[in-house]
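Participant: So that we are looking at the same thing, I have put the structure below in C-alpha cells.
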Amino acid sequence: MEIVNKLRNLDAYPKVNEDFYSRTLSGGVITIVSSIVMIFLFLSELSLYLNAVTETKLTVDSSRGETLRINIERPLQRHGGRLDHNETYCGSCYGAEVSDDECCNSCEEVSEAYRKKGWGMTNPDLIDQCKREGFIQKIKDEEGEGCNIHGFLEVNKVAGSVRFAPGNIHLNDLLAFQTESNISHKINKVSFGEEFPGVVNPLDGVQWTQQTLSGMYQYFIKVVPTIYTDIIGRKIQSNQFSVTEHFRVADGYPRPLPGIFLFYDFSPIKVIFTEENVSFLHFLTNICAIVGGVFTVSGIVDAFVYHGHRAIKKKMEIGKYG
C-alpha cells in the first residue's frame, strides 16, 4: 500500500471531485511512462541538434577539362608472387627488325619488334629465342599464378575503361598460345576520387570465382560526380557510382580476350551534399512541442482510464445493491 500511495502522489493529472483533487494509481503510472517518453524524445532531439545534418541537392554537371583519379586494390592471385624471366639470348628479329644490324636479345624483344610492326606471334615455338628460353613451358608453369594490384590512375574525365588481362606479354599475343585462363578475383576497393563521409563503394569486397570456361568479366560503372561540403566549409570533390556485372564466355570468333574489364561512364547529374547544424530556435521549438504534446496525450489517456474505471465501478455497485 505504501508503494501504491507513492505512485498516487506522482499523479500529475489530479482529478477534480467536487471541491477536492483525487490522485489515482493509474495517473501515477501514466505520469512515469510519459516522463520516460519525454526524456527519450528530448535526448533524441538533443542528439540531432549536436550532430550536423546533411542536405542533398541535385544539379547539372557542367564541369569540363577535369581529371579523374581511379583508386584500385584488386588481388588476382591464386598462389601469389611475381614471376620474372631474366634470361637473355641474341638472335634474329625474324623480319621485324628496323635495320640490318638490329638484334633481338630475348623472346620478349622479338615480341616487341613484332608489335612495332603490327604483327602478332602466331607460333612462338618457331622463334629460336622463345624455344631456348622455354617460353611456352614457362607460361604453362605459371598457370594459377596471379598478382595483387594496388594503386591509382589519373585519367581525363571522359568515358573510358580499365583492363586487367592474364599473362606478361602483349594482349594480341595471348591468343597464339594461351588456352584457358582463370580470372577469379576479389576486389578489396575501387573508388573514384577522394572518399567522403557516408560514401558507399558497391565494388568493395566483391568476389567472383570462375567455374566455367575463361572469358571476359565486365563491370559497367555509372559514375555520379559528387561534392561534399563539411560543417567547417571544406569541399571534397569526389564521385559515387553504381555498377552492373556481366560475364562473357571466350568462345566464337573473334574470340574475346580473357580478363577483367571496368567500363565507366559519367552521369550528367551532380550530387551536392552540405553539412548543416540545426538552429537553436528550431531545437527549442521541437522541445516545447515534445513536452506539450506528450503532456496533452497523457492527460487524454489518463482521463479516459479514470472515467472508464469510475463507470465500471458504478455499474458494479448498482448490480451489487440491485
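Values quoted throughout were computed directly from the atomic coordinates according to the rules given, and no laboratory measurement underlies them. No experiment lies behind these values; they were computed from the predicted model shown. Quick reminder, even Gly has a Cβ in these numbers, built from the backbone with ideal geometry, and neighbours come from all protein chains shown.
Participant: Among 286-299, 181-194, 60-73, what's the highest-first ranking by average C-beta atoms within 10 angstrom per residue?
Facilitator: Sorting 286-299, 181-194, 60-73 by mean packing, highest first, produces 181-194, 286-299, 60-73.
Participant: In whole Å, what three semi-axes, largest first, describe the equivalent ellipsoid of the range 244-307 built from its Cα gyration tensor (square root of 5 times each eigenvalue)?
Facilitator: 64, 23, 8
Participant: Going by amide H atoms built from the backbone, whose H comes under 5 Å of the H on Phe241, apart from near neighbours?
Facilitator: Val224
Participant: I would also like to ask the following. Which entries in the list Lys57/Lys222; Lys222/Lys270; Lys116/Lys189; Lys157/Lys189; Lys57/Lys189 go over 24 Å, if you measure between the two C-alpha atoms of each?
Facilitator: Going by Cα-Cα distance, Lys116/Lys189; Lys57/Lys189 fall outside the 24 Å limit.
Participant: Using θ = phi - 60° and the Karplus curve 6.51 cos²θ - 1.76 cosθ + 1.60, what whole-Hz ³J(HN,Hα) does each residue of the range 49-58 get, with Gly and Pro shown as x?
Facilitator: Here the 3J(HN,Hα) series is 5, 6, 9, 6, 9, 10, 8, 10, 9, 10 Hz.
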